[in-house]
Amino acid sequence: MNFIDEFRDKQSILALKKLIEEEIKSPINIMEICGGHTHSIMKYALPSILPQEINFIHGPGCPVCVMPRNRIDVAIKLASMKDNIFCTLGDLLRVPGSDFSLIDLRAKGADVRALYSPLEVLEIAKENPSKNIIFFAIGFETTTPMSALLLEKVMELNLKNVFFHINHITVPAPIEAIMNDENVQINAFLGPSHVSVITGFGIYKPIAAKFKTPIAVSGFEPVDIMESILNIVRQINKGTFDVYNQYKRAVSEEGNIKAQNLVKKYFKSCDFEFRGLGIIKNGGLELREEFANFDANKRFDCAVSSKNESKACICGQILRGLAKPYDCKVFGKACTPRSPIGSCMVSGEGACAAYYKYSKVNA
């Protein structure tokens, strides 16, 4: 078993397809929470394989996509300050702010760096003792332990020039916000896999029970997703609403306890504004008071006045599961990966980027 070929096996996919077709009794709206699932669904053309009764709804599981413009503008302000070296992960550099993006700012001479690992900050700080190193931490529960570990290392090395702007968010809170929306039409969820390695699948049990909605924690390969959909079909037929752990090869019920404890040591819950979803109670994390000396919000002036989002962009509706990328009038026209208007076209996990890369709608 190499954990790749057998989960892309054509015969297995076709066998699962047949079972789903035989057993499905009614239309099912399934929201995949993770942007990685969105890309797999589009890459392997699963909507064309599955019966029409299966409708995928794309959720707010892309951390770059859900960052509100206000926080992008804060990042740009911090990166613009004299003697600051701005560091972050992922595709954040290309998300448009009110006037321009971080990558535009870098082109003008600002020291803006995209990291492969947060721990790169340690060497940057040592090599630039006269500079302030700003780490703009971003991501769901998957990346939060790395930020906690970085803070721990910064303290161990007694580095005085590293500051954190925390933008970590959690998965359960936006799920609850979406399910509490009166317009919600979601019958089941594909639970995130990498997040669940850290949190464990048990964290979703209260949500499944509260909203009477099946959740299948799924791997990213086509066989993983097809197995998860079959389980959802069977749960809905039976009237059950359990959390099914399809991704047993990586996910346990309790998750990574060591990582969870590390996060609890340095962070606490806070309210957080999600793009398209508004402020969600306990949707994010912030540094505990005892680590305020490392908090960029307290060390620097982070006040910004942000412009409204482009009226042409419907990223907010897509992130709430109320629209799909091809419902957007500027998709693939004025808005492309080379010239994105909205964050969903920027990120490697964004729904618009997935449709643009894999869908015939763009052809």
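The values are calculated or read from the model by the stated rules, or taken from the named source; none is laboratory data. These numbers were taken from a predicted model, which means no experiment stands behind them. Quick reminder, even Gly has a Cβ in these numbers, built from the backbone with ideal geometry, and neighbours come from all protein chains shown. Surface areas here come from the heavy atoms of the whole protein model, side chains and all, with no ligands, DNA or RNA. Shrake-Rupley method; radii C 1.70, N 1.55, O 1.52, S 1.80 Å.
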So if I take the centroid of the Cα atoms in the stretch 13-44 and the same for the stretch 121-155, what is the distance between those two points in Å? 38 Å
Two-site FRET efficiency, residue 19 against residue 153, from Cβ-Cβ distance with R₀ of 35 Å, rounded to 0.05: 0.10
Once neighbouring chains are kept in place and the probe is 1.4 Å, which whole percent of the accessible area of the chain is contributed by carbon and sulfur? 50 percent
Once the dipole of the chain is set up from charges on Cβ (+1 Lys and Arg, -1 Asp and Glu), the residue from the list 260, 216, 67 lying farthest towards its positive end is 67
Using a Cα-Cα cut-off of under 15 Å, which aspartates and glutamates could be cross-linked to residue 324, ignoring same-chain neighbours fewer than 8 residues away? 32, 349
DSSP-loop GluC sites (Glu not before Pro) across the stretch 146-228, with at most 10 other Cβ within 10 angstrom: 182
If the limit is 26 Å between Cα atoms, which of 77/131; 153/205; 82/307; 108/268; 82/265 go over it? 153/205; 108/268; 82/265
Considering the options 49, 308, 228, tell which one lies farthest towards the positive end of the dipole of the chain, charges being +1 on Lys and Arg and -1 on Asp and Glu at the Cβ, about the Cα centre. 308
From the P(r) of the stretch 20-311, could you give the percentage of C-alpha pairs in the tail past 28 Å? 41 percent
Which is the longest part of the chain that has none of the chymotrypsin sites (Phe, Trp or Tyr not before Pro) sitting in a DSSP loop with at most 15 other Cβ atoms within 10 Å? 117-363
Place a +1 charge on the Cβ of each Lys and Arg in the chain and a -1 charge on the Cβ of each Asp and Glu, then give the dipole magnitude about the Cα centre in debye, rounded to the nearest 20. 600 debye
Name the trypsin sites (Lys or Arg not before Pro) in the stretch 20-124 that are in a loop by DSSP and that have at most 15 other C-beta atoms within 10 Å, would you? 25, 82, 108
Separation between the residue 205 and residue 127 pseudo-spin-labels, each 7 Å from Cα along Cα→Cβ, expressed in nm? 4.8 nm
For the stretch 257-363 the trypsin sites (Lys or Arg not before Pro) that pass both the DSSP coil test and the at-most-16 other-Cβ-within-10 Å test are 288, 307, 311, 329, 333, 338
Just name one of 145, 161, 26: the one whose Cα is farthest towards the positive end of the charge dipole of the chain (beta-carbon charges, Lys/Arg +1, Asp/Glu -1). 161
In nm, what is the difference between 0.36 nm times the number of residues separating residue 108 and residue 268 and their Cα-Cα distance? 54.0 nm
Can you give the helix-only mean residue ellipticity at 222 nm for the chain, where every DSSP H stretch with n ≥ 4 adds -39500 (n - 2.57) and the sum goes over all residues, rounded to the nearest 500 deg cm²/dmol? -10500 deg cm²/dmol
Count the net charge of all other residues whose Cβ sits under 9 Å from the Cβ of residue 280, scoring Lys and Arg as +1 and Asp and Glu as -1. -2
May I ask what percent, to the nearest 5, of DSSP beta bridges between residues of the chain are antiparallel? 20 percent
Probe 1.4 Å, accessible area per residue of the stretch 1-144, Å²: 43 Å²
